Amino acid sequence: MSFSPAGNQLANLPQSTVKYYDKRFRENLKAQTPFVACAERLDLPGKSGNQYEMFMYVPLAANTTQTTEGTVGSSLSVSVLTTTATIGEYADYANFSSLSLATAIDATVENVAKEMSYRLGESLSALVRATADGANSIDSSVLTQLAATSTSSFTALSLSQIRNSVQSMAGRSIRPFDEASKAFAGVIHPFALGDVIADNSNDAPIDILKHTPVGLARMEELVSVDLTEVIELPSTGVHFFQTNLVTKNSNFQGVTGLTALRTYIFGRDGIFAINLGAQGDTTYGDGEWRNINCNIVQNAEPTVADPEGLIPGWTSYRVHFTTSLGPDTTIRQRQIDAASAIS
């Protein structure tokens, strides 16, 4: 027994072929923007010019020569180092026609404001990173580049390299970034962090932690699906932020196709982020984009510039910002370039 085909199908039922649009936009991938959080943050007061001048006395050397009895010696002459940072203005906006806002299926202005927050967070982080990258031209001890001879033969980042960098700063009397926790601040690519954790040699993180119940519990914290968490690698004294927005060095050590990822460690006054909080500026806090709220305007009244009210909504940001190294020629940060076994 056979049945007749359906008399009504998609071809003659146009109402069954309409599209359903999901109003909940899928979340795009956004990196962390942590570099401002690793900088010493300073404020330039309003009505005080556009330049921030920092000063530092040059330390006096020890005096091991006895004075001559009854004789007044010569006065010491001290030296002062200075550096100047010039404030710049950074701003963006996106505006929307009345027709687009009346017909869009999503909360367009709010959603684009979130994307603008990420843009600002990226921008501020990139400015701090670029200034940090220039530190090696002043102090050659800043940057260490690990060995590499081919795309399959290279030295990946390890706990010992991080410890060496910390001790390199300690040997120059550089203080930790956070005096309360006695910890340095760091930025690391997730690939580089994975290399450190995967190391199974003696004194690697797993080897250190596996010997005690407390250490075994901490092993679970080294790898986290929450990239916003701060990672403290054992025996380093560095609190690391994870982000893929680090400097990448292509054709590393002359090896075609090999890319190195830069790991950053900051001590106290390692780098400065300077803010001029003018009226109406966007506050950015620690620079993490999730904490930035861009300006949002909706249903704006008609004005002389737009008497018909054709552009009733927009989102924007504006900051007055700059970055600087300190006046000291001994730079208070370290960087490690290393290829990664993870891709």
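Listed values, structure above:
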quantity: Added length on full extension, which subtracts the Cα-Cα distance from 0.36 nm per residue, Tyr21 to Ser75; calculated: 11.4 nm
quantity: Among 39-45, 100-106, 186-192, the order from most to least packed when residues are scored by Cβ within 10 Å on average; calculated: 186-192, 39-45, 100-106
quantity: Per-residue ³J(HN,Hα) for the stretch 187-192, Karplus 6.51 cos²θ - 1.76 cosθ + 1.60, θ = phi - 60°, Hz, x for Gly and Pro; calculated: 10, 9, 6, x, 5, 5
quantity: For the stretch 266-343 versus the stretch 1-75, the gap between their alpha-carbon centres in whole angstrom; calculated: 7 Å
quantity: Segment Leu99-Ser2, extension gain: residue separation times 0.36 nm, minus the distance between their alpha carbons; calculated: 29.5 nm
quantity: Estimated translational D of the stretch 28-173 in µm²/s (Stokes, Kirkwood radius over Cα pairs; 20 °C; 1.002 mPa s); calculated: 98 µm²/s
quantity: Ellipsoid equivalent to the stretch 3-47 - semi-axes via the Cα gyration tensor, in Å; calculated: 62, 14, 5
quantity: Prolate/oblate/rounded label for the stretch 240-343 (Cα gyration tensor, a/c 1.5); calculated: prolate
quantity: Isotropically averaged projected area of the stretch 48-130, using the convex hull of Cα atoms (one quarter of hull area), nm²; calculated: 10.9 nm²
quantity: Amide H partners (placed H, <5 Å) of Arg318, local residues excluded; calculated: Thr282
quantity: Solvent-accessible surface ranking, highest first, for Lys19, Lys248, Lys30 at 1.4 angstrom; calculated: Lys19, Lys248, Lys30
quantity: Rg/Rg_globular for the chain, with Rg_globular taken as 2.2 N^0.38 Å and Rg from C-alpha atoms; calculated: 1.36
quantity: Largest to smallest accessible area among Ser77, Ser343, Ser125 [probe 1.4 Å]; calculated: Ser343, Ser77, Ser125
quantity: Relative contact order [Cα under 8 Å, 6+ residues apart], the stretch 1-89, whole percent; calculated: 29 percent
quantity: Within the chain, helix-based [θ] at 222 nm, where runs of 4 or more DSSP H residues each add -39,500 (n - 2.57), nearest 500; calculated: -6000 deg cm²/dmol
quantity: Degrees separating the helix 159-170 axis from the principal Cα axis of the chain, which is the longest one; calculated: 50 degrees
quantity: Arg41-Glu110 FRET efficiency (beta carbon distance; Förster radius 30 Å; 0.05 resolution); calculated: 0.60
quantity: Carbon/sulfur fraction of accessible area - the stretch 278-343, other protein chains in place, 1.4 Å, %; calculated: 49 percent
quantity: Karplus-derived 3J(HN,Hα), 6.51/-1.76/1.60, for each residue of the stretch 63-72, Hz, glycine and proline x; calculated: 10, 10, 9, 5, 7, 7, 4, x, 10, 7
quantity: Evaluated at q = 0.22, 0.29 Å⁻¹: base-10 log I(q)/I(0), Debye formula over Cα of the stretch 79-122; calculated: -0.84, -1.07
quantity: Within the stretch 1-108, chymotrypsin sites (Phe, Trp or Tyr not before Pro) in DSSP loop having at most 14 other beta-carbon neighbours inside 10 Å; calculated: Phe3, Tyr20, Tyr21, Phe25
quantity: Karplus (6.51, -1.76, 1.60) ³J(HN,Hα), θ = phi - 60°, over the stretch 44-55, in Hz, Gly and Pro reported as x; calculated: 8, x, x, 6, 10, x, 10, 10, 10, 9, 10, 10
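The values are calculated or read from the model by the stated rules, or taken from the named source; none is laboratory data. Just so you know, these numbers come straight off a predicted model, no measurement behind them. Heads up, the Cβs are rebuilt from the backbone with ideal geometry, glycines too, and the neighbour counts pull from every protein chain shown. Side chains included, ligands, DNA and RNA excluded: accessible areas come from the protein's heavy atoms. Shrake-Rupley method; radii C 1.70, N 1.55, O 1.52, S 1.80 Å.
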